[in-house]
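Bear in mind these aren't lab numbers, they're just calculated from the coordinates by the rules spelled out. In this text, all values refer to a predicted model and were calculated from it rather than measured experimentally. Cβ placement follows ideal geometry from the backbone for every residue including glycine, while neighbour counts extend to all protein chains displayed.
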Amino acid sequence: MESLYRALPSVDGVLQQVQESDPDLWPHNLMVEAVRQVLERARERITDEGAAPSEEDLVAQARDLLRAWTRPGLRPAINASGVIIHTNLGRAPLSQAALEAVRRVAGGYSNLEFDLPAGRRGSRHVHARELLGRLCGAEAALAVNNNASAVLLVLSTLAAGRQVLVSRSQAVEIGGGFRVPDVMRQSGAELVEVGTTNRTYAGDYTAAVCPETTAVLRVHRSNFALVGFVHDVPLPELVDLAHSRGLYVIDDLGSGALLDTSPFGLAHEPTVQASVEAGADIVCFSGDKLLGGPQAGLIVGRAALIERIEHHPLARAVRLDKMVLAALEATLLHYVHEEAAQEIPIWRMIAQSPEAVRRRAQRWRRWLGKQGVSVQVVPGETAVGGGSLPGQTLPSWVLELEDLPSVEDAARSLRTGEPPVIPRIEGDRLLLDPRTVLPDQESTLLERLLSLLGPAKE
């Protein structure tokens, strides 16, 4: 062991080789720290295993360590999973107009909180207000950083210290452990469950109303479905019931569609416009799900209530920054111009026909075949995802990788490469869905597949 310890190169010796490979890539102090760490690990290996890495290995380990230290943790990925609104992959990709809006605003100064005509301080809340209100048919609107914040802020403003009625079937949990009862507890509101797990009637709400009751909360079951012997009170009936007793109606729509999903071959998803038209006092929904924009929580409804919500102290803690506001406004403008299905990526994916997806998959297969790689194009299903339209899928065509020694190893290799590629595993099959791959990522994906499959074929 002593001879192995003595044979280890010096810090300067390894450092010189690291510097020669990439002289301007990393700061000197960072390279010194990396070399010291790999040499310390080498000493530990000698102690534990009686073996030492070569000098070449030490240099490679130091470079790997430096790359890991200086590489951003948040990186672009290629979504070939066949889940359109993939919560773990950042949900909705932004349109080109939204990206350009972010670039313009983030690259310099803006009128974020400056009233240009008056020449004095203004409010950031005005920027998306008019667009949201017009699109949803609402008197006023407010945007915060996500829908959980929106619901918390609304309840904190309108129901703190008071009772809120919720159907037992709607006291739900969504992704990340977000539970409606927990949010209500944090807001200071008291949850009063009415009805049963599968059936709730108007009479259940009426019987629960007392002097402490201030609102009825309807929560859209956006990430699961109740089927069979079920009953819910329609929103217009719920509004009439609540308003006749002086109660607010708060509608948490979750996904927040502004387009009717039925023409795209999907089940009908309640729209924000329909909730406002039905008379809901406040409607909350997400900006990064079926809206197709950046992460945001959007609140629309009666102007007097929105003004109260906007001035609650919590509103400052959950406000949006300039980049999200820019992306949100650009996304909303697509709806104003009636071009959402053509310009917003998630709606382009939803609108794409199975035949168009098949042609794209076959083009991939032909290109890989010319490189000596054999893959198959087979029928598949694309999920909308993102806690939207539970159980709903679109018919699709997918690329199936063949002759893989290990599906898990191949998937891991795709995920850990640069850029990461996220495939789908079904049983013992590795699949890639063209519908969820952005057009400008296609050539990169094919090169990644070639690097994975080419050597095995050769």
Legend entry - Karplus-derived 3J(HN,Hα), 6.51/-1.76/1.60, for each residue of region 128-133, Hz, glycine and proline x: 9, 4, 5, 4, 4, x
Inset, instruction - Would you mind calculating the gained length between Arg179 and Thr196 on full extension (0.36 nm times residue separation, minus the Cα-Cα distance), in nm to one decimal? - result: 4.3 nm
Inset, instruction - Could you state the angle between the C-alpha long axis of helix 28-49 and the longest principal axis of the C-alpha atoms of the chain, as a value from 0 to 90 degrees rounded to the nearest 10? - result: 70
Legend entry - Theoretical gain in end-to-end length, Ile425 to Ser123 [0.36 nm per residue, Cα-Cα removed]: 103.9 nm
Legend entry - Spin-label proximity, Arg36 to region 49-85 - amide N less than 11 Å from point 7 Å beyond Cα toward beta carbon: none
Inset, instruction - Mind ranking 231-244, 38-51, 334-347 by how tightly packed they are, going by the mean number of other C-beta atoms within 10 angstrom, highest first? - result: 334-347, 231-244, 38-51
Inset, instruction - Can you bin region 397-458 into rounded, prolate or oblate? Criterion: square roots of the alpha carbon gyration tensor eigenvalues sorted a ≥ b ≥ c, rounded for a/c under 1.5, prolate for a/b above b/c, oblate for the rest. - result: oblate
Legend entry - Point-to-point label distance, Ser413-Ser451, nm (Cα→Cβ direction, 7 Å offset): 1.2
Inset, instruction - Scan around Ala140 for amide H atoms under 5 Å from its own, H built in the peptide plane at 1.01 Å from N, and keep only partners 5 or more places away or cross-chain. - result: Gly301, Ala303
Inset, instruction - May I ask you to compute the full-extension gain from Ser3 to Thr87, defined as 0.36 nm times their residue separation minus their alpha-carbon distance, rounded to one decimal in nm? - result: 24.9 nm
Legend entry - Rounded to 10°, Cα long-axis angle of helix 407-416 versus longest principal axis of the chain: 90
Legend entry - Sequence ranges 146-159, 308-321, ranked by mean other-Cβ count within 10 angstrom, highest first: 146-159, 308-321
Inset, instruction - Pop out the ³J(HN,Hα) list for region 322-331 in order, Karplus 6.51 cos²θ - 1.76 cosθ + 1.60 with θ = phi - 60°, rounded to Hz; leave Gly and Pro as x. - result: 5, 5, 5, 4, 5, 5, 5, 4, 5, 5
Inset, instruction - Calculate for the chain the 222 nm mean residue ellipticity that helices alone would give, adding -39,500 (n - 2.57) per DSSP H run of length 4 or more and normalising by residue count, nearest 500 deg cm²/dmol. - result: -13000 deg cm²/dmol
Inset, instruction - Taking H placed 1.01 Å from N in the peptide plane, check which residues at least 5 places from Leu438 or on another chain put their amide H under 5 Å from its amide H. - result: Asn79
Legend entry - ³J(HN,Hα), Karplus 6.51/-1.76/1.60, whole Hz, each residue of region 383-395, x for Gly, Pro: 9, 5, x, x, x, 10, 6, x, x, 8, 9, 10, x
Inset, instruction - Report, by chain and number, residues whose modeled amide H sits under 5 Å from the one on Thr382, excluding near sequence neighbours (fewer than 5 apart, same chain). - result: Leu394, Ser396
